[in-house]
Amino acid sequence: MSYRTRGLTFDQFSVGDEFHTASRTVTEADVVNFAGISGDYNPLHTNEEWAKENTPFETRIAHGVLIQSIATGLANQLGIFEGTTIAVMEMTSRFVGVVRFGDTIHVVLRVADKKESKKPDRGVANVYIEVLNQRDEPVLQGNWIVMLKRSI
């Protein structure tokens, strides 16, 4: 059995389309594993006693880049980019809130703009993303510039 693409092509996306991912709870294990992979052992993320005394959050928080990484995974699970993405050309992020251990996040993606490519078999979409916690408060906002296959 061969692989069947389930992603949307450039032509199937429309400006204004909005997609909502599933939710995911961020755990201490996620943060510990990310610290190990990235080498980022900043006490803001890894030392509860230090964080209690030295941060306005009074507890450890998740790495912002971990939240961005989880967002890409949640978006991938939607299937809309699977097999039709040629390249992620750019990702920008603004960290507008914190994620504490036990917070549950989800992502809202909105197609902000589309541009034709010089090559007829592809196009570029600008996707605005917002990561929200369980109270629907934004914790991360940004844009993904994604090159996608076209329907030919």
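Tabulated data for the structure shown
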quantity: Hey, residue 35 assigned to a loop (DSSP other than H, G, I, E, B) and at pLDDT 95 or above or not; calculated: no
quantity: Test: residue in the stretch 123-137 that is touching a strand residue (DSSP E or B) at 6+ places or on another chain (Cβ under 7 Å) and loosely packed, with under 12 Cβ neighbours inside 10 Å; calculated: no
quantity: Selection from the stretch 84-110 of residues that are over 27 Å from residue 39 (Cα atoms) and either in contact with a helix residue (DSSP H, G or I) (Cβ under 7 Å, 6 or more places away or on another chain) or modelled with pLDDT under 95 (or both); calculated: 109
quantity: From 94, 122, 100, residue being among the basic types (Lys, Arg) and within 14 Å of the chain's Cα centre (by Cα); calculated: 94
quantity: Only listed residue being over 19 Å from the mean Cα position of the chain (by Cα) and at pLDDT below 95, chosen from 60, 4; calculated: 4
quantity: Matching entry among 72, 55, 84 (being within 12 Å of the chain's Cα centre (by Cα) and of a type in the set (Ser, Thr, Tyr)); calculated: 72
quantity: Failed condition for residue 19, given (1) part of a loop (DSSP other than H, G, I, E, B); (2) touching a residue at least 24 places away in the same chain (Cβ under 8 Å); calculated: (1)
quantity: Filter result (free of Cβ contacts under 8 Å to residues at least 60 places away in the same chain and either within 16 Å of residue 77 (Cα to Cα) or among the small types (Gly, Ala, Ser) (or both)) within the stretch 22-49; calculated: 29, 35, 36, 38, 39
quantity: Top-ranked residue in the stretch 3-22 [being surrounded by fewer than 13 Cβ atoms within 10 Å (Cβ to Cβ) and among the aliphatic types (A, V, I, L, M); ranked as farthest from residue 123 (Cα to Cα)]; calculated: 22
quantity: Failed condition for residue 65, given (1) at negative phi; (2) out of contact with any helix residue (DSSP H, G or I) (no Cβ under 8 Å at 6 or more places or on another chain); (3) not hydroxyl-bearing (Ser, Thr, Tyr); calculated: (2)
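The values are calculated or read from the model by the stated rules, or taken from the named source; none is laboratory data. Predicted model only: the values in this text are computed from it and were never measured. Note: ideal-geometry Cβ built from the backbone for every residue, glycine included; neighbour counts use all protein chains shown.
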